[in-house]
Amino acid sequence: MKETSLKKRYAIKLFSSIVTGIVGMIMVAIVPKAIGPVAYGQFVYLQQFFTKVINFLDASSSIAFFTKLSANLKRKELIAFYSKYVLFVFFVLVVFFFIFNLLGINQYILPGVNSYFISLGLLFGFLTWLTQIFIKISDAYAMTVSVELIKLTHKVLSLVFLICLISYLSLNLTIYFYYHIFILSAFILLMSIFFIKRQVFSWSMLLFDIIEFKKVALEFISYCIPLFAYSTVSLVVGLFDIWLLQNTSGSIETGFYGLSYSLAAMCFIFTGAMTPIITREFSKSFENKDMVTMAALFKRYIPMLYSIAAYFSIFIAFESENVLAIFTDKQFSDAYWVLMVMAFYPIHQTYGQLSGSIFYATGHTKAYRNIGFFSMGIGVLLTILFVHFLELGALGLGLKMVLTQFIAVNVQLFFNVRFLNINIKYFLKHQLLVVVLFGFSAYGSARFIDISSPIFDFLVSGLIYSLFVVTILFIYPSLFSISRLELQGFIRKFLLRK
């Protein structure tokens with residue numbers, strides 16, 4: 001099977017991510033207003049809750065699956081094994097929450113949420129996780145172009161379907177959950193047909209070879225066992241965060257947090273598209289013992305994607321008021337400071353995704369676990385301080401997220417640059433310089449533009465901010481991991497096309 005080039009895979013994945021981001025923005029603009037802050041807060045709470053529970057049951061096995069499959073595509077037994085593990089996860093979810101419901105435990109861990117919504121949230125969370133696994137398979141096989149086209153079509157049709165639902169029905173939490181369950185199931189069905197046609201899936205995988213199953217299971221256990229304790233602590237800490245917010249501040253503050261997180265996540269569109277592609281290249285390079293290529297990829301793409309994420313995130317932070325005015329109504333106006341803080345989260349999320357993938361690709365999961373323990377310990381203290389004692393609600397949880405992410409990724413960076421034999425000073429200087437320069441640019445564009453219309457204010461400020469950043473690019477092209485010669489080459493090509 002001939003692989004599509006890295007540039008082409010990134011281009012189509014980026015285009016797909018942009019369209020997905022636009023669809024996401026439209027959904028954020030219509031759904032919270034349609035169902036209200038309380039119902040939206042319950043949706044966010046259930047989404048966050050089951051995401052964390054399933055991540056615990058996943059125990060980083062999906063990353064192990066992706067890493068091992070990327071390294072050797074001929075290992076069909078990995079897909080056969082993991083399909084059985086997926087069924088096991090679903091079985092555990094259903095059994096445990098059935099028992100919890102019988103014993104009345106649900107009312108303590110999911111306060112104020114109807115048991116019917118809990119069952120819908122469980123199914124929604126599982127299907128979301130399953131779609132991510134399918135996408136990991138496509139990225140491992142370098143089928144990015146074909147799969148992203150399927151995703152694009154699916155996303156656009158899903159948006160049209162949602163608009164039709166809102167037009168002809170009164171959207172509520174029940175209908176919104178059913179909508180998600182239907183579109184996720186449709187995507188999984190389409191992907192299954194695609195994989196069968198491409199001979200990625202086959203009926204022979206349903207056969208159960210006990211010897212082979214044990215062999216692969218032991219391989220996964222060896223890889224994931226250091227992360228089991230990490231997954232357990234991560235589950236407890238994650239549930240504690242959202243539980244404390246819900247109990248201390250209520251569903252409305254949880255809704256503010258969920259809305260801000262969704263809007264901030266759009267800044268991750270450009271960098272998120274590259275993450276699985278670079279992770280795959282890390283895995284292949286390490287399998288071939290090509291440390292030079294790994295180091296080159298790390299030094300090239302992490303600062304570049306950090307700058308791209310910062311470009312969007314910092315602007316959103318300074319334009320939080322306009323963003324909320326464009327996408328929501330007065331019910332969500334108090335989320336201004338929450339969004340301003342959460343907008344900084346995707347900046348270091350880039351480091352977290354790409355730097356973390358080095359640990360997975362090289363099998364250094366114990367080090368990854370220990371760093372996680374350290375950052376989560378700090379995170380718990382910050383959550384208690386900001387959410388409980390200072391009663392900052394969603395703003396407090398946002399501050400905790402940004403600060404712990406910053407600490408964790410820089411500790412990861414310290415270990416990775418030592419492993420790859422790269423100078424850490426460049427990365428630390430780059431992080432600071434990008435935020436300072438882009439921050440002044442965003443402040444200047446927002447400070448001196450005051451138009452009565454939020455949309456025009458946002459667009460004009462965005463144009464001026466972009467001009468500032470382009471000027472910075474010409475002065476410091478290294479901020480985007482390109483040399484002055486490369487920049488001149490890009491300009492020359494652009495002028496020749498004109």
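The values are calculated or read from the model by the stated rules, or taken from the named source; none is laboratory data. Note that the structure is a prediction, hence the values are computed from the model and not measured. When we count neighbours, we look across all protein chains shown, and the Cβ atoms used for this are built from the backbone with ideal geometry, even at glycine. For accessibility, only protein heavy atoms count, side chains too; no ligands or nucleic acids. Shrake-Rupley method; radii C 1.70, N 1.55, O 1.52, S 1.80 Å.
Structural remarks
- Screening Arg484 with (1) surrounded by fewer than 13 Cβ atoms within 10 Å (Cβ to Cβ); (2) touching a residue at least 12 places away in the same chain (Cβ under 8 Å) gives one miss only, at (2).
- Taken over the range 167-202, the criterion of being of a type in the set (Ser, Thr, Tyr) and either within 28 Å of Ala29 (Cα to Cα) or open to solvent by 40 Å² or more (accessible area, probe 1.4 Å) (or both) is satisfied by Ser167, Tyr168, Ser170, Thr174, Tyr176, Tyr178, Tyr179, Ser185, Ser202.
- Number of the condition not met by Val435 [criteria: (1) touching a residue at least 60 places away in the same chain (Cβ under 8 Å); (2) closer than 24 Å to Cys224 by Cα; (3) of a type in the set (A, V, I, L, M, F, W, C); (4) open to solvent by 40 Å² or more (accessible area, probe 1.4 Å)]: (2)
- Residue match in the range 453-474 (condition: more than 25 Å from Tyr336 (Cβ to Cβ), assigned to a helix (DSSP H, G or I) and in contact with a Pro (Cβ under 7 Å, 6 or more places away or on another chain)): no
- Looking at the range 249-359, the helices (runs of 4 or more DSSP H) lying wholly inside it that each contain 2 or more residues that are open to solvent by less than 50 Å² (accessible area, probe 1.4 Å) and either touching a Pro at 6+ places or on another chain (Cβ under 6 Å) or modelled with pLDDT under 90 (or both) sit at 251-265, 269-287, 291-318, 320-327.
- Scope the range 112-166; condition surrounded by fewer than 18 Cβ atoms within 10 Å (Cβ to Cβ) and among the small types (Gly, Ala, Ser); matching residues: Gly112, Ser115, Ser119, Ser146
- Number of the condition not met by Phe50 [criteria: (1) of a type in the set (A, V, I, L, M, F, W, C); (2) under 21 Å from Glu212 (Cβ atoms); (3) surrounded by 20 or more Cβ atoms within 10 Å (Cβ to Cβ)]: (2)
- Screening Leu162 on (1) of a type in the set (A, V, I, L, M); (2) in a helix (DSSP H, G or I); (3) farther than 22 Å from Ile118 by Cβ; (4) modelled with pLDDT under 85 shows it passes everything except condition (4).
- Selection of the range 71-106 for residues being outside any helix (DSSP H, G or I), basic (Lys, Arg) and open to solvent by less than 80 Å² (accessible area, probe 1.4 Å) yields only Arg75.
- Only one of the numbered conditions (1) open to solvent by less than 10 Å² (accessible area, probe 1.4 Å); (2) under 30 Å from Leu244 (Cβ atoms) is violated by Phe56, and that is (1).
- Long-range neighbours under 7 Å by Cβ, at least six apart or interchain, first residue within 20 Å of Val44 (Cα to Cα) within the range 155-182, second modelled with pLDDT under 90 and surrounded by fewer than 13 Cβ atoms within 10 Å (Cβ to Cβ): Ile175/Leu169
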